[in-house]
Amino acid sequence: MSNSIESFMKRVIEKNPGESEFHQAVKEVLDSLESVLEQHPEYADAKILERIVEPERQIIFRIPWQDDKGNIHVNRGFRIEFNSALGPYKGGLRFHPSVYIGIIKFLGFEQIFKNSLTGLSMGGGKGGSDFSPKGKSDNEVMRFCQSFMTELFRHIGPDTDVPAGDIGVGGREIGFMFGQYKKLRNEFTGVLTGKGLAYGGSLVRTEATGYGLIYFVTRMLEDRATGWKGKKVSISGSGNVAIYAAQKAIELGAKVITMSDSNGFIVDQKGICLETVKRIKELERGRIREYTNEHKSAIFKERFQDVWSVPCDIALPCATQNEIDQNAAQALVKNGCIAVGEGANMPSTPEAIEIFLNEGVSFGPAKAANAGGVATSGLEMSQNSIRLSWTFEEVDKRLKTIMDNIYDQCVITAEKYGKKNNLMAGANIAGFLKVADAMLAQGIV
Ligand code: NDP
Ligand code: 2IT
């Protein structure tokens, strides 16, 4: 890191104390930008870096709600409207007990560059709450979502800020929030994405992040003159991203051998039966451990982090941030893993990434590899605007084209700025350049 970037990073940490995930996300981008900043002094003159790390607007609010027994609870809500240089703020909502400002800011910051890579007109934002939907009744989740939207509605809109799902926020939660928004505004608009198909949702949005990840990793494998057939794939998580990544990988001939949740992981060397996983997780909202009741070929182990010690050819982390640390990365390399595609946001620690890059493991960074979800959200917005809906095949084709374009941008940009084969640097630089140029063009705002 150059001296000026190092002192800039120090100021970011001083100004945003205690937000370690945000610091980590900023540092990763800054580390990639050294030669870009040298070649473009106009960015320093216009204080682009100083502006880009400061959210345009941060909203923090109280969410009071009542459980089924009549007890009152208070959670905290967030929406970080990070950057609107390229379009309306766009990004998911996360409901998880670990949520605090540092997590929402890291996710919002990443989202700026991810959305830029998609080529669609979307700025970056993120929100959520420290609420846990786990173990709550549908009515409790509904009351929580209504209370959340009772504050959020005044800050968002189809041309202003368009939230979507993330951890703990799926079709059920989006439906409740959409209903409350519509009631408060007396307006039926595409203010959220990931909506149900009956009321403005897009085909493929449910599958999009997982499918997009597989399309991206397909390109990584092609560059190694190989493909999915017969590959052993290790996946973490068993939520939206994990399930549809597994589905597409299996369709392309791979064998998915692991999945996990926060209680532990399963290994099924015969290949995981996705029908069972879908039923347990999507219909019954159960735990991944239950899979072993029905499949005797499978074992369950506690400590979800140990999933990376299972030998595999391809690793797809699809659960949460920092789930692959140095030890996990070393285990993957030792066991012959050739490619890592990040379905989750920032799942690999900086130490883990360094190991992958040094050891010749193909590494697909989150902001590129998981951009298919938000890209298809962008396609949902387009369909809402023209009040038409495209077929599954049409949306899937567009998604694939977008993922191919992102891959090409990463490769070409990395090479252009002296970081050949480093897709992470390529993604950070390509994502940044577009936003920086738009900010320059729009003046000091
Ligand atoms: P879901 O809530 O559908 O699933 C999350 C999965 O990860 C669950 O199996 C969950 O287990 C596990 N998990 C979550 N947090 C932790 C944790 N702290 N420790 C261990 N396991 C955990 O979320 P998604 O599938 O939507 O999201 C997964 C990742 O993908 C996140 O990083 C998200 O930001 C990212 N992402 C999502 C997109 C989307 O379109 N949904 C788009 C791009 C990225 P448990 O049920 O036990 O909590
Ligand atoms: O991290 C992400 O890109 C998402 N959770 C999806 C965001 C979106 O607006 O679809």
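The values are calculated or read from the model by the stated rules, or taken from the named source; none is laboratory data. Everything quoted here is computed from the prediction, not taken from an experiment. Positions of Cβ are generated from backbone atoms using ideal geometry, with glycine treated the same way; all protein chains shown enter the neighbour counts. Protein only, heavy atoms only, side chains kept; ligands, DNA and RNA dropped before computing areas. Shrake-Rupley method; radii C 1.70, N 1.55, O 1.52, S 1.80 Å.
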message: Take residue 3 and residue 397, extend 7 Å from each Cα along the Cα→Cβ direction, and tell me the distance between the two endpoints in nm.
response: 5.7
message: Show log10 I(q)/I(0) for region 238-382 at q = 0.12, 0.16 Å⁻¹, two decimals, from a solvent-free Debye sum over equal Cα scatterers.
response: -0.48, -0.85
message: Applying a 10 Å radius around every beta-carbon, put 5-18, 279-292 in order of their mean neighbour count, most first.
response: 279-292, 5-18
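Multiply the residue separation of residue 121 and residue 15 by 0.36 nm, subtract the distance between their alpha-carbon atoms, and state the gained length in nm to one decimal. Can you show the working numbers first?
Values: separation 106, 0.36 × 106 = 38.16 nm, distance 2.99 nm.
Length gained between residue 121 and residue 15: 35.2 nm.
How compact is region 50-103 by the rule of thumb for globular proteins, expressed as Cα Rg over 2.2 N^0.38 Å?
It is 1.46.
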field: the chain: radius of gyration and largest Cα-Cα distance (Dmax), Å
entry: 20.8, 63
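Please report, as a whole percent, how much of the solvent-accessible surface of region 189-287 comes from carbon and sulfur atoms (probe radius 1.4 Å).
52
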- line: CD proxy, 222 nm, the chain: helix-only mean residue ellipticity via -39,500 (n - 2.57) per DSSP H run with n ≥ 4, per residue, nearest 500, stands at -14500 deg cm²/dmol
- prompt: Just the Cα atoms of region 306-445, one point each, no solvent: what log10 I(q)/I(0) does Debye give at q = 0.09, 0.13 Å⁻¹?
  reply: -0.34, -0.67
- request: Kindly identify region 229-317 as rounded, prolate or oblate by the Cα gyration tensor criterion: order the square roots of the eigenvalues as a ≥ b ≥ c, call it rounded if a/c is under 1.5, otherwise compare a/b with b/c, prolate if a/b is larger, else oblate.
  value: rounded
- prompt: What percent of all Cα-Cα pairs in region 176-233 falls in each 10 Å bin, counting up from 0?
  reply: 19, 31, 19, 17, 11, 2
task: Treating the Cα atoms of region 369-419 as identical point scatterers in vacuum, please give the log10 of the normalised Debye intensity I(q)/I(0) at q = 0.13, 0.19, 0.21, 0.24 Å⁻¹, two decimals.
output: -0.39, -0.67, -0.75, -0.87
message: In Å², and per residue, what accessible area does the chain have when probed at 1.4 Å with the other protein chains present?
response: 41
query: Which value, in Å² and to the nearest 10, is the accessible area of residue 120 when all protein chains are kept and the probe is 1.4 Å?
result: 50
- request: Let me know the whole percent of all Cα-Cα pairs from region 1-63 that are separated by more than 13 Å.
  value: 67
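Please give the per residue volume of the convex hull enclosing the alpha carbon atoms of region 299-372, rounded to a whole number of Å³.
Details: hull volume 6.3 nm³, N = 74.
Cα-based convex hull of region 299-372, divided per residue, equals 85 Å³.
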query: For region 1-154, which whole-number percentage of the solvent-accessible area (1.4 Å probe, protein heavy atoms only) is attributable to carbon and sulfur atoms?
result: 49
field: Highest-MSF residue in the chain out of 390, 308, 228 [GNM, Cα springs under 10 Å]
entry: 390
field: Net length gained if the chain between residue 282 and residue 223 were fully extended (0.36 nm per residue, minus Cα distance)
entry: 17.8 nm
- line: In whole percent, the Cα-Cα distances of region 80-211 spread across 10 Å bins from 0 upward as 13, 45, 37, 5
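Per-residue counts of other Cβ atoms within 10 Å, averaged by peptide: what ranking do you get for 407-415, 202-210, highest first?
Details: 407-415: 20.1, 202-210: 25.3.
Per-residue mean Cβ counts within 10 Å order the peptides as 202-210, 407-415.
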- request: Can you tell me the dipole magnitude for region 1-113 around its Cα centre, using point charges on the Cβ only (Lys, Arg +1; Asp, Glu -1), in Debye to the nearest 20?
  value: 600
field: Cα shape, region 11-101, gyration tensor, a/c 1.5 rule
entry: prolate
field: Separation of the residue 296 and residue 54 label points, Cα + 7 Å toward Cβ, nm
entry: 6.6
query: Say the cut-off is 20 Å between C-alpha atoms; which of 134/232; 114/255; 69/126; 248/281; 270/400; 114/183 go over it?
result: 134/232; 114/255; 69/126; 270/400; 114/183
- line: Of all DSSP beta bridges having both residues in the chain, the percent classed as antiparallel (nearest 5) is 55
